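This report concerns only the one structure given below.
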Amino acid sequence: MATTVIPRYFTHYGSIILFALFGLKMLHEAHQMSDDEGKEEYEEVQKSLSKRETVDLEYNMVSTSAEDPETGVIKTISSVSLGTRLRRKLMVYVSLVFIETFTMTFLAEWGDRSQISTIILAAR
């Protein structure tokens with residue numbers, strides 16, 4: 001609606017300026033970044049992945065212990081929480097990789113710095 005009030009050349013040049021400014025800002029941040037920042041981030045990711053693997057391993061050990069060896073059907077155990085049972089039923093229809101990828105992409109695009117510029121270009 002704002003693009004109907006603002007003349008087209010303002011939005012055109014405004015989007016050019018915003019893209020240039022955001023690009024220059026990212027280049028400046030990259031130039032100022034120390035060499036150790038990449039290593040620190042890598043170590044954080046490795047730590048979270050190892051923690052995640054241990055949680056997944058524990059979850060798989062709990063879920064396979066309730067599996068009937070003859071039929072392969074997971075029996076419902078009263079000690080298994082409602083959330084775990086719902087998660088198991090959801091995983092039949094939607095993979096965990098899809099959910100994580102969708103969530104990560106959605107959150108990354110939601111907070112993207114170029115969102116304003118994209119809105120201006122889409123409005124044009």
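The values are calculated or read from the model by the stated rules, or taken from the named source; none is laboratory data. Just so you know, these numbers come straight off a predicted model, no measurement behind them. Cβ sites come from the backbone with ideal geometry, for glycine too, and all protein chains shown count toward neighbours. Remember, those area values only see protein heavy atoms, side chains included, never the ligands or the DNA or RNA. Shrake-Rupley method; radii C 1.70, N 1.55, O 1.52, S 1.80 Å.
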Seminar exercise, completed: Length gained, Arg85-Leu24, 0.36 nm per residue minus C-alpha separation, equals 17.0 nm
Problem set entry | Among 17-27, 99-109, the order from most to least packed when residues are scored by Cβ within 10 Å on average | 17-27, 99-109
For this session: Could you rank Arg8, Arg85 by how accessible they are, 1.4 Å probe, largest area first?
Result: Arg8, Arg85
Exercise. Using the Cβ atoms and a cut-off under 14 Å, what net charge is assigned to the surroundings of Asp35, where Lys and Arg are +1 and Asp and Glu are -1?
Worked result: -4
Exercise. To the nearest 0.05, how large is the calculated FRET efficiency for Glu44 and Thr118 if R₀ is 35 Å and r is the Cβ-Cβ distance?
Worked result: 0.75
